[in-house]
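Participant: Provided herewith is a single structure, encoded as structure tokens, for subsequent inquiry.
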Amino acid sequence: NAGVTQTPKFQVLKTGQSMTLQCAQDMNHNSMYWYRQDPGMGLRLIYYSASEGTTDKGEVPNGYNVSRLNKREFSLRLESAAPSQTSVYFCAGRPGGSYEQYFGPGTRLTVT
Amino acid sequence: AQSVTQLDSHVSVSEGTPVLLRCNYSSSYSPSLFWYVQHPNKGLQLLLKYTSAATLVKGINGFEAEFKKSETSFHLTKPSAHMSDAAEYFCVVSDFWANNLFFGTGTRLTVIP
């Protein structure tokens, strides 16, 4: 099992460009999550998907959209990147009946 | 509302000495609590979890944590630090519906040889 995988590992964008961060899990998790990590602030939830076909906003959803393509894949899209979106993005999955989440390796995004 | 406060942003210990990383939580119900570790430029790894079973929880790599309701604390300890323990540690509380994890701001552990 690869667990939770994310692509790309690194990305540099110019202000106004768009891109999609990909996340896939092979652990049969129903729920999937996108977080951002900024220095000194821990992780903050952007969006989550409690099950295939559903998505909900988290704490900091502005400027992002998500798609739960199927049970395995949950993508995060930046339509018009801004420097404030420079961050490290983590995807996570959660097994049914549990509270803990399992994280991918992260995507380091820089917006100039 | 749920939240956690990590009382130290940075802890430095000598190799072979005990580790104590402090965490206080706030929750309007019986919480689920976690400690995660993040090594430099890596993802987050679950160290241990408390979900209303035994109050002393054992995790990986010799770490353990004790849930103390009266003190609203969930401190992380290890009897003897190893160089490989140097990392960032996050105390985390789950919301009631398990749809969000609330992270503390992290404690950076330095281990001095």
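The values are calculated or read from the model by the stated rules, or taken from the named source; none is laboratory data. Note that the coordinates shown come from a computational prediction; the quantities given were computed from them, not determined experimentally. Heads up, the Cβs are rebuilt from the backbone with ideal geometry, glycines too, and the neighbour counts pull from every protein chain shown. Surface areas here come from the heavy atoms of the whole protein model, side chains and all, with no ligands, DNA or RNA. Shrake-Rupley method; radii C 1.70, N 1.55, O 1.52, S 1.80 Å.
Participant: Among (1) within 26 Å of A:G3 (Cα to Cα); (2) in contact (Cβ under 8 Å) with a residue 40 or more places away in the chain; (3) open to solvent by less than 80 Å² (accessible area, probe 1.4 Å), there is one condition B:T72 misses while meeting the rest; what is its number?
Facilitator: B:T72 satisfies all of (1) within 26 Å of A:G3 (Cα to Cα); (2) in contact (Cβ under 8 Å) with a residue 40 or more places away in the chain; (3) open to solvent by less than 80 Å² (accessible area, probe 1.4 Å) except (1).
Participant: Inside the range A:86-110, can you point out the residues that are surrounded by fewer than 20 Cβ atoms within 10 Å (Cβ to Cβ) and over 22 Å from B:L47 (Cα atoms)?
Facilitator: A:T86, A:R108, A:T110
Participant: Still on this structure, I have one more. Identify the residue in the range B:27-53 that is part of a loop (DSSP other than H, G, I, E, B) and not polar (S, T, N, Q) and, among all such residues, is surrounded by the most Cβ atoms within 10 Å (Cβ to Cβ).
Facilitator: Going through the qualifying residues, I end up with B:P31.
Participant: Here's something else I'd like to know. Scan the range A:91-109 for residues that are more than 9 Å from chain B (Cβ to nearest Cβ) and of a type in the set (S, T, N, Q) and jot them down.
Facilitator: Matches in the range A:91-109: A:T107 only.
Participant: Here are some conditions: (1) in a strand (DSSP E or B); (2) within 14 Å of chain B (Cβ to nearest Cβ); (3) surrounded by fewer than 20 Cβ atoms within 10 Å (Cβ to Cβ); (4) among the charged types (D, E, K, R). A:R77 meets all but one. Which one does it not meet?
Facilitator: (2)
Participant: Looking only at the range B:56-87, count how many residues are polar (S, T, N, Q) and in a loop (DSSP other than H, G, I, E, B).
Facilitator: Count: 3.
Participant: Which one is least open to solvent (accessible area, probe 1.4 Å) among residues in the range A:1-60 that are in a loop (DSSP other than H, G, I, E, B), at the interface with chain B (Cβ under 10 Å from one of its Cβ atoms) and over 18 Å from A:V88 (Cα atoms)?
Facilitator: If we take residues in the range A:1-60 being in a loop (DSSP other than H, G, I, E, B), at the interface with chain B (Cβ under 10 Å from one of its Cβ atoms) and over 18 Å from A:V88 (Cα atoms), then A:G3 is least open to solvent (accessible area, probe 1.4 Å).
Participant: State which residue is farthest from B:F63 (Cα to Cα) when the search covers only the range B:85-113 and only residues that are open to solvent by less than 10 Å² (accessible area, probe 1.4 Å) and facing chain A (nearest Cβ under 7 Å).
Facilitator: Selected residue: B:A98.
Participant: Of the residues B:F67, B:F63, B:F34, which single one is in contact (Cβ under 8 Å) with a residue 12 or more places away in the chain and out of contact with any Lys or Arg (no Cβ under 7 Å at 6 or more places or on another chain)?
Facilitator: Checking each option against the conditions leaves just B:F67.
Participant: Right, here's the next one. Have a look at A:A81, A:A50 and point out the one that is of a type outside the set (S, T, N, Q) and modelled with pLDDT of 95 or more.
Facilitator: A:A81
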